[in-house]
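Q: Quick one: this structure, given as structure tokens, is what I'll be asking you about.
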Amino acid sequence: MCPDCEDFARTVLLLGHLATYAEMPDADATFVGVVGSALAASLPEPPPGLFPGESA
């Protein structure tokens, strides 16, 4: 897997885990807000051809 693909996949995975955590009854909303914003800001551009119909 290319380095950009790995970074993108890892960041999306972390956002998914954070979303799961955020749904828990005792989730820390401040933590979710801070970490979620940081992860979203650090999300790299998706690798070319990642989405159907997109040219590489």
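Q: In the chain, carbon and sulfur make up what percent of the accessible area (probe 1.4 Å)?
A: On the way: 2710 of 4210 Å².
Using a 1.4 Å probe with all protein chains present, the chain comes out at 65 percent carbon and sulfur.
Q: Give the accessible surface of the chain per residue, rounded to a whole number of Å², with probe radius 1.4 Å and ligands, DNA and RNA excluded. Show your work: numbers first, answer last.
A: Working: 4210 Å² over 56 residues.
Ligands and nucleic acids excluded, the figure is 75 Å² per residue.
Q: Show me, for segment 8-22, the HN-Hα J-couplings you get by feeding each phi into the Karplus relation (A = 6.51, B = -1.76, C = 1.60, θ = phi - 60°), rounded to Hz, glycine and proline as x.
A: 4, 4, 5, 5, 5, 4, 4, 5, x, 5, 5, 5, 5, 4, 4
Q: Right, another one. How big is the charge dipole of the chain about its Cα centre, in debye rounded to the nearest 20, if each Lys and Arg gets +1 on its Cβ and each Asp and Glu gets -1 on its Cβ? Don't skip to the end; give the middle numbers.
A: Numbers: 1 positive and 8 negative charges, 2 e Å.
Around 0 debye, computed over the chain.
Q: Still on this model: Using only the alpha-carbon atoms, what does the chain span along each of its principal axes? Please give whole angstrom values in decreasing order.
A: Computed over the Cα atoms, the extents are 42, 18, 17 Å.
The values are calculated or read from the model by the stated rules, or taken from the named source; none is laboratory data. None of the values given here were measured: they were computed from a predicted structure. Note: ideal-geometry Cβ built from the backbone for every residue, glycine included; neighbour counts use all protein chains shown. Side chains included, ligands, DNA and RNA excluded: accessible areas come from the protein's heavy atoms. Shrake-Rupley method; radii C 1.70, N 1.55, O 1.52, S 1.80 Å.
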